[in-house]
Amino acid sequence: MSGLSETERAGCRNLLKLLSKSDLLSLSDTVTNKMIAVENVTEAMETILSFTKNAEELLKRKKVYRDIIFKYLAKEGVAMSPNSEKHQLVKRTLELWSSGKVVYDRETAETRQRPSTQTVSTDVKAEVGFDPQVLGQQFCQWFFQLLNSQNPSPDQSPQDWGPQHFWPDVKLRLLSIAGSQQMEEFLGAELVSLRLLALTKEERLLLSPNLEPHGLRTLASPHGLVLVAVAGTIHRDGTCLGIFEQIFGLIRSPEENNSWKIKCVNLKIRGQDALGGTEVVAPALSYNSSELQLLCS
């Protein structure tokens, strides 16, 4: 029987949700030496958890790729260097689980109440007690780490950027104020993803979000849209060029495991000259809640 603690079980389950179906089924075969045939993803996940002796063994499996663990930690709000090797990510994940702080999974509390009857629960992100502010923080850590990893500076290795993170009809409004004012609009996942990519890849910018309460605000609408607004500073080669304010509209995708995808993006960039030369450390958001709702309507 599995030798996983409840926190490890909850953590492993969330990690396994990030694997593709074929990898999950293949992992189930490996763990059970093909002695148990599983019909679907749910059974595969339960079988893997039941036959895993300890968490480290599971994390070191070939099918549990480095990128999967990296993505899992980012969702847990644990920022790691994009260049971290798999063994470093495994070590950090085990530390997180032994500390008992698995923020992303609300099911641990349930597991403690009824340890023997636990089956795969619905996606935790849809459960009661969903906190938009926590989602906003985790989303920003993940998004800016991903976007900044496309910057060609030597210590970055690009992660999996692309149109898959956006809804097909996503809209981007980009307003830059540096001397003159310039407004650009882009429609569709391919164009939006390419334009944002150009900021870091071609223009070699690094965007540093301010995730303190005055720099980050979230708003959840009753129709499932969550608005995440964040302010931050923009850098190139160690020089601060100005500040940005970015608003994301996020909606869950039922086809993709209920993961959040980007429906709209509003990005306002102000260069140092447009700021009157004031030194910017941790910029605050200038939008209020009603302005946020208008911007993504």
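Observations
- Pairs from the table (K17/K91; K91/K263; K60/K171) lying more than 28 angstrom apart at Cα are K91/K263; K60/K171.
- Here the range 43-72 is scanned for amide nitrogen atoms under 16 Å from the site 7 Å beyond the Cα of S20 along Cα-to-Cβ, giving 62-69.
- Packing-based ranking, highest mean first, of 7-17, 164-174 given that Cβ atoms within 10 Å are counted: 7-17, 164-174
- Rolling a 1.4 Å probe over the protein heavy atoms gives the range 1-76 an accessible area of 47 Å² per residue.
- The alpha-carbon positions of the range 135-225 define a convex hull whose volume is 136 Å³ per residue.
The values are calculated or read from the model by the stated rules, or taken from the named source; none is laboratory data. Quick caveat: nothing in here was measured; it's all calculated off a predicted structure. Note that we place each Cβ from the backbone using ideal geometry, even for glycine, and neighbour counts take in every protein chain shown. Ligands, DNA and RNA are stripped out before the accessible areas are found, and what is left, the full protein with its side chains, is counted by its heavy atoms. Shrake-Rupley method; radii C 1.70, N 1.55, O 1.52, S 1.80 Å.
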